[in-house]
1. Of 94, 104, 46, which residue is among the charged types (D, E, K, R), at pLDDT 90 or above and out of contact with any Lys or Arg (no Cβ under 9 Å at 6 or more places or on another chain)?
2. Within the range 1-26, which residues are within 19 Å of residue 75 (Cα to Cα), of a type in the set (Val, Ile, Thr) and either in contact with a Lys or Arg (Cβ under 9 Å, 6 or more places away or on another chain) or at pLDDT 85 or above (or both)?
3. Say we look at the range 14-38 and pick out the residues that are under 14 Å from the mean Cα position of the chain (by Cα) and not hydrophobic (A, V, I, L, M, F, W, C); which of these is surrounded by the most Cβ atoms within 10 Å (Cβ to Cβ)?
4. Closer than 17 Å to residue 78 by Cα and at pLDDT below 95: which single residue out of 41, 29, 37 fits that description?
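The values are calculated or read from the model by the stated rules, or taken from the named source; none is laboratory data. Since the structure is predicted, the reported quantities are computational estimates derived from the model, not experimental observations. Don't worry about glycine lacking a Cβ; one is built from the backbone with ideal geometry, like all the others, and counts go over all protein chains shown.
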Amino acid sequence: MEKLRDLSEQYVKNNRYIIRLQSIMWPLLDVFSSLGLILVLWFGARKVISGQTSLGTIVAFILYIGLLSWPAIALGLGCCNFFSAAPPLLDGYRKSLMENRSVRTKFGHISSRW
């Protein structure tokens, strides 16, 4: 029972770390994406005014960047969650497997040795 408590405490500790990390990452992502949009609008407007490009090109560029940004953000956050939560869980599974080498099933008693 003590091992389960330790594993649960480690799980809660890692989840709190993820919450702190995400509470910093989401606002930063919003700030950087907003700054990027402002820069694209600024330089794009200058190019449109000077006649070097069309307004449609700038709009298409902004839309393409918007379509590409969400998968990149989701991939990054998914990796962050996985890599911060997986090690303690794997350690708990490994310890459990090494200590409990036999399993009781409806087919009878099955045991294995490593």
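1. Working: 94 fails: at pLDDT 90 or above; 104 fails: at pLDDT 90 or above.
Being among the charged types (D, E, K, R), at pLDDT 90 or above and out of contact with any Lys or Arg (no Cβ under 9 Å at 6 or more places or on another chain) holds for just one of 94, 104, 46, which is 46.
2. 19, 24
3. Residues of the range 14-38 that are under 14 Å from the mean Cα position of the chain (by Cα), as a first pass: 14-15, 17-26, 29.
Within this subset, residues satisfying the condition of being not hydrophobic (A, V, I, L, M, F, W, C) are 14-15, 17, 20, 22-23.
Working: 14: 17, 15: 13, 17: 12, 20: 10, 22: 14, 23: 9.
Here the answer is 14.
4. Numbers: 41 fails: closer than 17 Å to residue 78 by Cα; 37 fails: closer than 17 Å to residue 78 by Cα.
Result of the check over 41, 29, 37: 29.
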